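Trainee: Dropping a structure here in structure tokens format, bear with me for questions.
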Amino acid sequence: MARVEATREIETALARAGFVHVAGVDEVGRGCLAGPVVAAAVILDPGRTVRGLADSKTVPPAERERLAGEIRGAALAWAVAEVGPADIDRLAIHRASLESMRRAVAALAPQPDVVLVDAFSIPGLLVAQRGIVHGDRLSASIAAASIVAKVHRDRLMAALDAQDGRYGYARHKGYATPEHLAALERFGYSPQHRRSFRPASLFDKIPSDGERRRDD
């Protein structure tokens with residue numbers, strides 16, 4: 001995916017319409033087999049420029065780390081929220097993703113006047129919102145949120161890897177890579193795995209809790 005720098009055109013238009021605090025919100029980790037889904041919400045300061053904001057998937061890891069720090073330092077407000085594997089299984093991933101975004105927005109101080117959301121509409125928000133398709137490419141606020149969320153989640157997965165190195169979380173961040181699938185087949189599901197996410201290729205092959213292959 002080519003990198004496209006997001007602009008503040010949408011935020012500027014909303015400011016002209018009288019919206020003072022415009023927040024962008026985005027989530028990461030939706031398609032993972034393990035770990036939480038993480039959302040971030042960011043209100044950028046109109047008077048401070050952060051260059052290079054783009055969809056976090058198109059930004060190299062070292063630059064994401066740098067940008068996340070710059071965003072957190074320059075923003076009027078930012079917040080991060082997580083929904084863990086057990087709640088993902090209970091709610092289903094779509095509802096869990098929306099809940100993580102709702103929590104991130106609710107944690108902002110000051111609260112926004114309007115929220116820009118990457119593609120979705122968030123139930124339960126008490127402020128105006130606007131869903132923007134490909135928002136992390138078009139809106140600087142959403143792009144900033146995607147970077148903050150991605151860096152937060154990557155650090156979290158690295159910490160989980162330090163606690164339990166069997167699955168390689170620090171390398172694949174919980175996604176269904178061949179390495180991760182092989183570890184699942186060998187070790188079974190850990191408490192960090194989403195029980196409702198069972199790859200078809202491994203269904204009925206992964207040991208249940210407490211079971212292991214005889215040669216382990």
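Trainee: Is at least one residue of the range 136-145 surrounded by fewer than 18 Cβ atoms within 10 Å (Cβ to Cβ) and not basic (Lys, Arg)?
Mentor: no
Trainee: Inspect all residues belonging to the range 82-98 and state whether any of them is open to solvent by 20 Å² or more (accessible area, probe 1.4 Å), modelled with pLDDT of 95 or more and within 15 Å of Ile43 (Cα to Cα).
Mentor: no
Trainee: Can you confirm whether the range 191-207 contains a residue that is modelled with pLDDT under 95, open to solvent by less than 40 Å² (accessible area, probe 1.4 Å), in a helix (DSSP H, G or I) and over 30 Å from Ala23 (Cβ atoms)?
Mentor: Checking the range 191-207: at least one residue is modelled with pLDDT under 95, open to solvent by less than 40 Å² (accessible area, probe 1.4 Å), in a helix (DSSP H, G or I) and over 30 Å from Ala23 (Cβ atoms).
Trainee: Ok, one more. Out of Gly31, Gly24, I need the residue that is on the phi < 0 side of the Ramachandran plot and either modelled with pLDDT under 95 or in contact with a Phe, Trp or Tyr (Cβ under 6 Å, 6 or more places away or on another chain) (or both). Which one? Don't jump to the end; show me each part of the working.
Mentor: Details: Gly24 fails: either modelled with pLDDT under 95 or in contact with a Phe, Trp or Tyr (Cβ under 6 Å, 6 or more places away or on another chain) (or both).
Only one candidate qualifies: Gly31.
Trainee: How about the range 163-196: which of its residues are out of contact with any strand residue (DSSP E or B) (no Cβ under 8 Å at 6 or more places or on another chain) and closer than 24 Å to Ser56 by Cα?
Mentor: Quick first cut of the range 163-196, residues out of contact with any strand residue (DSSP E or B) (no Cβ under 8 Å at 6 or more places or on another chain) only: 163-166, 168, 170-173, 175-179, 181-183, 185-189, 191, 195-196.
Correct list: Gly168, Ala170, Arg171, His172, Lys173, Tyr175, Ala176, Thr177, Pro178, Glu179.
Trainee: Would you check if there is a residue in the range 56-77 being within 19 Å of the chain's Cα centre (by Cα), closer than 16 Å to Val117 by Cβ and not in a helix (DSSP H, G or I)?
Mentor: Checking the range 56-77: not a single residue is within 19 Å of the chain's Cα centre (by Cα), closer than 16 Å to Val117 by Cβ and not in a helix (DSSP H, G or I).
Trainee: Can I ask one more? In the range 4-19, which residues are open to solvent by 60 Å² or more (accessible area, probe 1.4 Å), modelled with pLDDT of 95 or more and among the aliphatic types (A, V, I, L, M)?
Mentor: If the condition is that a residue be open to solvent by 60 Å² or more (accessible area, probe 1.4 Å), modelled with pLDDT of 95 or more and among the aliphatic types (A, V, I, L, M), then Ala17 is the only one that fits.
Trainee: Something else now. Considering only residues that are in contact (Cβ under 8 Å) with a residue 40 or more places away in the chain and either exposed (fewer than 15 other Cβ atoms within 10 Å of the Cβ) or over 11 Å from Val148 (Cβ atoms) (or both), which ones fall in the range 52-64?
Mentor: Answer for the range 52-64, where residues must be in contact (Cβ under 8 Å) with a residue 40 or more places away in the chain and either exposed (fewer than 15 other Cβ atoms within 10 Å of the Cβ) or over 11 Å from Val148 (Cβ atoms) (or both): Gly52, Ala54, Asp55, Lys57, Thr58, Val59, Pro61.
The values are calculated or read from the model by the stated rules, or taken from the named source; none is laboratory data. Bear in mind that the values here come from a model prediction, so they are computed numbers and not experimental data. Quick reminder, even Gly has a Cβ in these numbers, built from the backbone with ideal geometry, and neighbours come from all protein chains shown. Please note that ligands, DNA and RNA were not included when accessible areas were found on the heavy atoms of the full protein model with its side chains. Shrake-Rupley method; radii C 1.70, N 1.55, O 1.52, S 1.80 Å.
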